[in-house]
Amino acid sequence: MEETISIKDIFKTLKKRWKLIMLLTLIAALISGSISYFLLTPVYQSSTQMLVNQKQSENQLDSTQIRSNIDMINTYSVIIKSPAILEKVIDELDLKLSVEQLSGKITINSQENSQVFSLTVQDSNPTQAVEIANMVSSTFQKEIKEIMNIDNVSILAKAEIKGNPTPVKPNPLLNIAIAVVVGLMAGIGLAFLLEYMDNTIRDEKDIETLLDLPLLGSIQKISQHK
């Protein structure tokens, strides 16, 4: 006889193992919360905005020049994270970082068909994140004139320290929510696994299901009185 599982059986299993499911969910949430609040180092973020715009003697720029400025952002993204720029930033700020480590803290983002791009720095120290962002942008603006013999970078917005800096990661609430979902799924999966491995015969239905034998009859329990 082929065994089938009904919705009733599913709910029966969940009801039977609900304590295990809740326990695993709680454990996952506690572990995630403990790691997020007490073990992971908060990371702060600061950004500057720069404009790529060739300075002209005339007041107008043609579409070809604008397209050229936009295309240059890809090249500038590489130059900004190069030793030619970052070594000077490390020296100016006396950072105890290698070029590779500093480069890993920097992200360049630009919108399609825009001459503006942002330079974002993430660091465990909010003040240092601001200092690095501003120093990288100002150093790049100065050095690009010598590197490419072109003066078309302007700083639109400098990085600033907010009154009460908020870390961008970790996000404890998000981590706990994910842990709850994972713990719940793990608990449900373990509950069904234990139910599948449980061959204990408790009632007439278990005889038919586990032994694949027809039930011919049953004997009522007879209480014994002294």
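The values are calculated or read from the model by the stated rules, or taken from the named source; none is laboratory data. It should be emphasised that the depicted structure is a prediction, and the values quoted were computed from it without experimental measurement. Don't worry about glycine lacking a Cβ; one is built from the backbone with ideal geometry, like all the others, and counts go over all protein chains shown. Please note that ligands, DNA and RNA were not included when accessible areas were found on the heavy atoms of the full protein model with its side chains. Shrake-Rupley method; radii C 1.70, N 1.55, O 1.52, S 1.80 Å.
Data overview
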item: Pairs where the first residue, in segment 152-178, is in contact (Cβ under 8 Å) with a residue 40 or more places away in the chain and over 22 Å from E131 (Cα atoms) and the second is open to solvent by 90 Å² or more (accessible area, probe 1.4 Å) and of a type in the set (F, W, Y), C-beta under 6 Å, 6+ apart; result: P172/Y37
item: Positions within segment 133-159 being out of contact with any helix residue (DSSP H, G or I) (no Cβ under 6 Å at 6 or more places or on another chain), more than 21 Å from V99 (Cβ to Cβ), open to solvent by 10 Å² or more (accessible area, probe 1.4 Å) and not in a helix (DSSP H, G or I), in sequence order; result: N149, I150, S154, L156, A157
item: Residue that is most open to solvent (accessible area, probe 1.4 Å), among those in segment 102-119 that are within 18 Å of V89 (Cβ to Cβ) and more than 20 Å from the chain's Cα centre (by Cα); result: S118
item: Cross-chain or 6+ apart pairs with Cβ under 9 Å, segment 109-126 first and closer than 18 Å to Q65 by Cβ and in a loop (DSSP other than H, G, I, E, B), then at pLDDT below 95 and open to solvent by 70 Å² or more (accessible area, probe 1.4 Å); result: N113/R67
item: Filter pass, N125 being open to solvent by 40 Å² or more (accessible area, probe 1.4 Å), farther than 18 Å from P170 by Cα and under 22 Å from the mean Cα position of the chain (by Cα); result: no
item: Count of residues meeting criterion [on the phi > 0 side of the Ramachandran plot and either crowded, with 17+ Cβ neighbours inside 10 Å or touching a Leu at 6+ places or on another chain (Cβ under 6 Å) (or both)] in segment 84-101; result: 0
item: Any hit, segment 59-72, residues being in contact with a Phe, Trp or Tyr (Cβ under 7 Å, 6 or more places away or on another chain), farther than 30 Å from E195 by Cβ, in a helix (DSSP H, G or I) and hydrophobic (A, V, I, L, M, F, W, C); result: no
item: Residue among T13, T48 that is polar (S, T, N, Q), more than 19 Å from the chain's Cα centre (by Cα) and not in a helix (DSSP H, G or I); result: T48
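A quick yes/no check of all residues on (1) at pLDDT 85 or above; (2) among the aromatic types (F, W, Y); (3) more than 29 Å from D123 (Cβ to Cβ):
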site	(1), (2), (3)
D9	no, no, yes
L26	yes, no, yes
I31	yes, no, no
F38	yes, yes, no
M50	yes, no, no
E58	no, no, yes
S63	no, no, yes
R67	no, no, yes
